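Just so it is clear, none of the values below were taken in a lab; they were calculated from the coordinates. Small disclaimer: the values here were computed from a predicted structure and weren't measured. Quick reminder, even Gly has a Cβ in these numbers, built from the backbone with ideal geometry, and neighbours come from all protein chains shown.
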Amino acid sequence: MSTQTGHCLCGAVAYRGKGGLHMHVCHCSNCRRWTGSPAMTLTFDDGMDILTPDNVRWYGSSDWAERGSCATCGSTLFYRMPDSGYINVSAGSLDDQSAIDGIAEHIFVDEKPLHYDFAGEAPRITGAEVFERFTGPQDGQS
């Protein structure tokens, strides 16, 4: 199994991702506020380990998710959904940037402002489609 490593700006938080990786771009308003731009994040096929968990400060940003940053330098790092086990990490924190071969998907495109756009043909899905992926159809949606 392949592994990839990464860390925050100051090095106090380190992680190891396992298996293949996929980059997602989130355009939701919370991610844009948190990162100052669309959030470019990575998921790993076989999960990831935070090697220095005591150095991560977690913030409950919604009823279903938490965002993790370095307690020392403040680097934006993790997004996790504790109930499902889902976690991703900031793409810019990966040590070997050549391991990222492009954008796998854009999410929350219905919240993307008009002042920017991305080239390419990566799938673009709405917030409702994201929630359905994790929880099933909502409020009469099929």
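Springs between alpha-carbon atoms under 10 Å, Gaussian network over the chain: tell me which of H115, H24, H106 tops the mean-square fluctuations.
Taking springs between Cα atoms under 10 Å, the residue moving most is H115.
To the nearest 500 deg cm²/dmol, what mean residue ellipticity at 222 nm is calculated for the chain from DSSP H runs of n ≥ 4 alone, each contributing -39,500 (n - 2.57), summed and divided by the residues?
-3000 deg cm²/dmol
Most exposed first by the Cβ proxy, i.e. fewest other Cβ within 10 Å, how do K18, K112 rank?
In increasing order of surrounding Cβ atoms, one gets K18, K112.
Averaged across orientations, what area in nm² does the convex hull of the alpha carbons in the stretch 8-67 project?
Averaging across all directions leaves 4.8 nm² for the Cα convex hull.
For the stretch 13-32 and the stretch 52-84, write down the distance between their C-alpha centroids in whole Å.
Comparing the Cα centres of the stretch 13-32 and the stretch 52-84, I get a distance of 12 Å.
Out of G36, G68, G19, any idea which swings most in a Gaussian network model of the chain, alpha carbons joined below 10 Å?
Comparing G36, G68, G19 in the GNM, the peak value goes to G36.
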